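Okay, structure first, notes after.
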Amino acid sequence: MSSLAWRVPLMWLLLSAAPAGALAAVDRYAVIVGNNRGFEHESPLRYAETDARRVYEVLRDLGGFEALNMALLQGEDAQTVRGSLLALNARIRRRVSLPGVQVMLFVYYSGHADATSLHLGDSHLPLRELTQLVEGSSATFRIAVLDACKSGSLTRTKGGDIISPFSLLQDRTLPSEGLAFLTASAEGEDAQESDQLRGSFFTHALVSGLLGAADANGDGRVVLDEAYRYAYESTLRSTSRTQAGIQHPSYRYDLRGKGTLTLTEPGRRDPRRGQLQLPADKTVLLMRSTAQGQVVAEVGARARSRLLSLRPGRYFVRARGRTVLHEGEARVVAGTTTTVALGDLDRIEYARLVRKGGTDKDIVHSLALGASARSALPNAATVCPGALLSYGVDTRRLGMRLTLGLCGATTNNGLVETRTIASDADLYFYHAWDIGRLSLDLGLGGGLSWFQQRLVSTRRAPDRSAVLPFITAGGGAALALPVGYYVGSELRVETHVLRIHRDGQRIDSQVALALRGRLTVGKRF
């Protein structure tokens with residue numbers, strides 16, 4: 001992208017003198033543009049065209065925009081966008097000439113831009129020209145939505161280098177009945193987008209709100225103030241965890257009428273759509289079909305409205321709490337309301353929560369107590385049973401466990417009976433796979449054993465001790481229990497390097513293999 005980071009990349013005019021409940025009281029027209037390509041030196045975007053389609057669909061389905069009055073332009077050049085705006089403005093002039101007719105014009109753009117123009121592939125549309133096409137329209141109410149962005153890493157900054165802000169309003173009084181801008185970020189800030197959401201933070205929040213999450217008073221309608229407040233809070237919350245930092249949406253508008261325009265009516269019964277009632281007090285992310293599907297909406301834990309209007313079909317629900325994740329499928333049926341209960345979803349706790357990226361935490365800690373048994377080594381004749389204490393750390397890709405153990409074994413050759421006490425400390429690294437409540441892991445590690453051999457019979461002989469290394473490899477399984485507890489088991493192969501004494505002679509560096517099994521009960525935090 002070129003030199004300007006659009007620190008006001010998303011602009012929205014939302015006002016009217018019409019009554020709040022009458023979508024049909026205002027004729028609604030829209031030109032919605034998304035282009036993943038900019039100039040040759042600009043990296044292609046991933047989500048600009050996707051964001052445009054999401055805005056198009058929510059306005060068409062819930063906002064009273066008829067498909068015949070909407071143009072969705074994806075990957076088109078500047079001339080096509082310019083021609084669509086001119087043609088729509090000509091239709092609007094004819095409509096407003098009729099008595100009692102009010103018209104709204106909605107223009108949305110997502111793609112590359114700089115201080116002076118939108119970058120549509122190899123072509124460009126000057127911002128001054130776009131401003132004139134919007135402000136000069138005969139529509140009673142004008143909408144301008146600009147979402148200019150550039151590519152990057154997992155969380156991308158939308159824009160370029162910050163310079164003096166370019167003002168679409170040019171510090172002039174807003175003309176006609178109504179014109180307003182609602183922006184994705186405050187002056188001096190960049191707007192951001194997310195690979196996890198597959199779109200921009202602000203557009204994602206705005207669309208979620210228009211689907212019903214922003215309906216604070218529960219009247220089945222989403223109006224300007226509700227949509228803005230929901231988008232503002234959601235954007236602050238989401239961007240507070242990004243490298244670029246908190247993004248502050250803002251707005252500026254001029255109202256010359258009475259009443260508030262209803263943006264969408266998610267509470268209206270529509271035989272072609274269904275409603276999904278989501279669990280309270282959880283942040284819920286909704287995907288289409290599967291966990292890898294397109295993100296449809298997000299409802300914050302503090303959002304009063306938990307009812308979304310959706311197309312019929314299968315959805316994947318991810319309800320996120322502070323210490324637990326609930327996941328499962330829900331089916332939306334046309335003309336009905338489906339309630340999602342937490343009891344209907346799979347419960348995923350702590351370590352799996354981190355591995356899935358479903359929590360703000362990067363690591364999860366654990367403590368466990370258990371019993372162990374190791375097969376006999378050459379320095380003893382029996383199995384070595386004992387107890388253990390372990391501390392673990394789980395991250396998204398790798399886990400680590402430090403274990404302290406103690407066990408005892410005996411030897412009796414008819415003349416001398418000895419008892420060998422082994423104190424172990426090992427560090428074990430593993431990778432885990434989650435299957436429902438069950439986690440399976442494979443790993444590799446190493447440690448030290450302190451062997452203390454003591455005489456048990458009455459015959460006198462000196463005690464012996466040695467600290468010797470070992471290598472361990474194996475696998476384990478853990479079953480998640482409520483409130484962060486779990487039960488686990490492990491089976492490992494150990495390679496010990498021993499010093500063996502026979503008849504007063506010492507044999508150095510004898511390598512011996514052993515099997516060790518462990519059973520544990522633990523708590524993650």
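The values are calculated or read from the model by the stated rules, or taken from the named source; none is laboratory data. All values reported here derive from a predicted model rather than from experimental measurement. When we count neighbours, we look across all protein chains shown, and the Cβ atoms used for this are built from the backbone with ideal geometry, even at glycine.
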Can you pull out every residue in the range 82-109 that is assigned to a helix (DSSP H, G or I) and farther than 18 Å from T131 by Cβ? A87, A90, R91, R93, R94, R95, V96
Would you check which residues across the range 37-49 are under 22 Å from the mean Cα position of the chain (by Cα) and part of a loop (DSSP other than H, G, I, E, B) and list them? L45, R46, Y47
Looking at V354, V284, V296, V317, which one is of a type in the set (V, I, T) and not in a strand (DSSP E or B)? V354
Given the conditions (1) in contact with a strand residue (DSSP E or B) (Cβ under 7 Å, 6 or more places away or on another chain); (2) closer than 30 Å to D362 by Cβ, which single one is not true for T395? (1)
Can you find even one residue in the range 186-194 that is closer than 19 Å to Y56 by Cβ, assigned to a loop (DSSP other than H, G, I, E, B) and either modelled with pLDDT of 80 or more or of a type in the set (G, A, S) (or both)? no
Under 22 Å from A231 (Cα atoms), touching a His at 6+ places or on another chain (Cβ under 8 Å) and not polar (S, T, N, Q): which single residue out of G111, G63 fits that description? G111
Which one of R347, R331 is at pLDDT 85 or above, assigned to a strand (DSSP E or B) and not hydrophobic (A, V, I, L, M, F, W, C)? R331
Would it be correct to say that V81 is within 22 Å of L206 (Cβ to Cβ), among the hydrophobic types (A, V, I, L, M, F, W, C) and at pLDDT below 90? no
Answer residue from the range 362-392, given it is crowded, with 16+ Cβ neighbours inside 10 Å and under 36 Å from the mean Cα position of the chain (by Cα) and is modelled with the lowest pLDDT among those: V364
Only residues that are outside any strand (DSSP E or B) and either modelled with pLDDT of 85 or more or out of contact with any strand residue (DSSP E or B) (no Cβ under 7 Å at 6 or more places or on another chain) (or both): list them for the range 447-480, please. T458, R459, R460, P462
Let me confirm something: among V317, V332, which residue is under 19 Å from the mean Cα position of the chain (by Cα) and surrounded by 14 or more Cβ atoms within 10 Å (Cβ to Cβ)? V317
Could you pull out the residue among L125, L130 that is under 15 Å from V33 (Cβ atoms), more than 31 Å from the chain's Cα centre (by Cα) and modelled with pLDDT under 90? L130
